[in-house]
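Enquirer: What follows is a single structure, and I will ask about it in a moment.
Just so it is clear, none of the values below were taken in a lab; they were calculated from the coordinates. Since the structure is predicted, the reported quantities are computational estimates derived from the model, not experimental observations. Positions of Cβ are backbone-derived with ideal geometry, glycine not excepted, and every protein chain shown enters the neighbour counts.
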């Protein structure tokens, strides 16, 4: 993807009731050949589905849409992108420069809420020297998620064993500087006013999504329940091989998408085409993402 395409992704302002909200791009991530990360359809079916929707299948580029809120005079950030890790190459790690476009610096952030602990979501917590990139932010993360990645006992977990050691160590290093300001939450908790946790396990064991409410408006922060709207929303039973537990992820995805339709909830998809805002509708035996863009 060329520099102009990445640059056009920056800051998208909107509102949720009385809350000022911004989708802030961390750039894009290259996951290679889509057919290699999707199980269920043939390679030709994957390529055709993406081509019909104007999306390249090799490489498949996924957006990284972080959410910034101005909530009761505090700045709240959902996920931190890749940071300086270079995990997916030079196309990622743009969050802080785009935060500055919104007039906000890392030292202004009061709370960081993590959907889960992964290179493209939590590694931006630290700078190039491994120190905290956010000087005063309190970190909020699922207790299940934290214990899966951060505790010694979890090393024997069969779900963690296949994860490359470089990812495990990087995940741990991203949270280490925040040990004394990390808050662990559970399913159903209200983290901050108007922000409620919904456990959506599968991509990782403690992956969480969030329901935001203000006045009569709502937004559901999807996280990584579905990585690509034309593939895993349209066919939620297809498997994504980069999920820690692909089968559980598919079960979670179908149930959640059905619930989102029943609630007529606006959503933000972290990896959906920037800015990732829209709604879910039914289509045949699957679903469809109706983008607001």
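Enquirer: Could you state the number of Å between the C-alpha centres of segment 168-191 and segment 118-163?
Expert: Centre-to-centre distance over Cα atoms comes out at 6 Å.
Enquirer: Sorted by packing (mean other beta-carbon atoms within 10 Å per residue), highest first, where do 171-184, 114-127 land? Present the calculation step by step, with values, prior to reporting the outcome.
Expert: Details: 171-184: 16.1, 114-127: 25.4.
For the peptides 171-184, 114-127, the packing ranking is 114-127, 171-184.
Enquirer: Tell me, what are the semi-axes, in whole angstrom and largest first, of the equivalent ellipsoid of segment 3-220 as set by the roots of 5 times the Cα gyration tensor eigenvalues?
Expert: Working: eigenvalues 138, 105, 69 Å².
So the equivalent ellipsoid measures 26, 23, 19 Å along its semi-axes.
Enquirer: Next question. For a footprinting-style exposure proxy, rank 222, 131, 50 by other Cβ within 10 Å, fewest first. Working shown, then result.
Expert: On the way: 222 28, 131 11, 50 20.
Listed from fewest to most nearby Cβ atoms, that is 131, 50, 222.
Enquirer: Which percentage, to the nearest 5, of the DSSP beta bridges contained in segment 3-220 is antiparallel?
Expert: Numbers: 33 of 43 bridges.
In segment 3-220, DSSP labels about 75 percent of beta bridges as antiparallel.
Enquirer: Kindly give Rg over Rh for segment 177-263, based on alpha-carbon atoms, with the Kirkwood expression for the hydrodynamic radius. Walk me through the intermediate numbers first.
Expert: Values: Rg = 14.1 Å, Rh = 14.0 Å.
Here the Rg-to-Rh quotient is 1.01.
Enquirer: To continue, here is another question. Radius of gyration and Dmax for segment 86-212's Cα atoms, expressed in Å?
Expert: In order Rg, Dmax, the Cα atoms of segment 86-212 give 14.6, 44 Å.
Enquirer: Follow-up question, since we're still on this one. Considering only DSSP beta bridges with both partners in segment 128-263, what is the antiparallel share in %, to the nearest 5? Spell out each step's value before the answer.
Expert: Details: 12 of 16 bridges.
Antiparallel bridges: around 75 percent, rounded to the nearest 5.
Enquirer: What span do the alpha-carbon atoms of segment 124-272 cover on each of the three principal axes, reported in whole Å from largest to smallest?
Expert: 43, 38, 26
Enquirer: In whole Å, what is the distance between the alpha-carbon centres of segment 207-262 and segment 40-78?
Expert: Comparing the Cα centres of segment 207-262 and segment 40-78, I get a distance of 12 Å.
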